[in-house]
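S.K.: Before we start, here is the structure in question, set down as structure tokens.
The values are calculated or read from the model by the stated rules, or taken from the named source; none is laboratory data. Since the structure is predicted, the reported quantities are computational estimates derived from the model, not experimental observations. All Cβ positions, glycine included, derive from the backbone under ideal geometry; neighbour counts span all protein chains shown. With ligands, DNA and RNA removed, areas are computed over all heavy atoms of the protein, side chains included. Shrake-Rupley method; radii C 1.70, N 1.55, O 1.52, S 1.80 Å.
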Amino acid sequence: AQLESARSNLNLAEINVTRQTNLMGASATSQLEYDMAVNNFNNAQASLTQLEREIDRSRASLAIEERELEFTQVIAPIDGTVMSVTMAEGRTLNASQQSPTILTIADLSTVRIQAEISEADVGRLREGMEVYFTTLGSGNRRWVSTLDRILPQPIVENNVVFYTGLFDVINEDNRLLPEMTAQVYFVTSSARDVLVVPMGALSFNSNDARSRERQATVDMVDVNGDIQSVNVSVGLTS
């Protein structure tokens, strides 16, 4: 409103200057009247400029205060499950020194397992190998994943060295929660869709008993009921 008033005063002063200029040309006014009109015009213009600068400063202050107001709004960085609430409602937060912890949020859709691996077994493991685990109370249910990586920094507990293996698993039904105990199994080798034969049914040759590709014979009954010895290659044994 003050700005509009200042613009109106400037417009009137400009009209007066124009009138006095015309009158001076016709020698119909005094020099004093002309000088006063010019002075009023200059003052009106200065007042308008001052008001415009004050408005600019007010807008700058408003922008700063609006930005500071955003700091009073606490917005969670991720969607997830609230694990704990540290700050109670109504408590004043002071973030001048360090950002306070208001609450802890965890994304439980994917859970990262930290497995302790003894130094005697860590050499047999490799990234990408199959791994599965069970939890207390889960019965026979298994969660299957692949080994992501093994941290090189060891953990020493009672003079026993462990290494931490990390892998992720999809937590579809939210049955897995933080700090649960998991019994982890690393699959060092496996065979699928193969014939299973009892060890007692195999007859090994003495030279092949300890070779990598072991050859053995097994007695089988054919369709006629006759017993035949068949040569087989023995893979994994348990």
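Residues are listed down the side, and each one gets a yes or a no for (1) touching a helix residue (DSSP H, G or I) at 6+ places or on another chain (Cβ under 6 Å); (2) among the hydrophobic types (A, V, I, L, M, F, W, C); (3) over 30 Å from Ile78 (Cα atoms):
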position	(1), (2), (3)
Thr110	no, no, no
Gly139	no, no, yes
Met180	no, yes, no
Tyr185	no, no, yes
Ala191	no, yes, yes
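S.K.: Of these, Ile105, Ile78, which one is in contact with a strand residue (DSSP E or B) (Cβ under 9 Å, 6 or more places away or on another chain), at pLDDT 90 or above and within 30 Å of Arg149 (Cβ to Cβ)?
M.R.: Ile105
S.K.: While we're looking at this one, here's another question. Pull out all pairs, ordered by first then second residue, where Cβ-Cβ is under 9 Å, the residues are six or more apart or on different chains, the first lies in segment 141-160 and is under 17 Å from Val122 (Cα atoms), and the second is surrounded by 11 or more Cβ atoms within 10 Å (Cβ to Cβ) and of a type in the set (S, T, N, Q).
M.R.: Ile150/Thr164; Leu151/Gln114; Leu151/Thr164; Gln153/Thr164; Pro154/Thr164; Ile155/Thr164
S.K.: Further question on the same structure: Could you list all residues from segment 155-179 that are part of a strand (DSSP E or B) and open to solvent by 70 Å² or more (accessible area, probe 1.4 Å)?
M.R.: Scanning segment 155-179 gives Val156, Glu157, Ile170.
S.K.: With segment 35-118 as the region, which strands (runs of 3 or more DSSP E) entirely inside it contain at least 3 residues that are hydrophobic (A, V, I, L, M, F, W, C) and surrounded by 11 or more Cβ atoms within 10 Å (Cβ to Cβ)?
M.R.: Where strands (runs of 3 or more DSSP E) fall fully within segment 35-118 and carry at least 3 residues being hydrophobic (A, V, I, L, M, F, W, C) and surrounded by 11 or more Cβ atoms within 10 Å (Cβ to Cβ), they are 103-106, 110-118.
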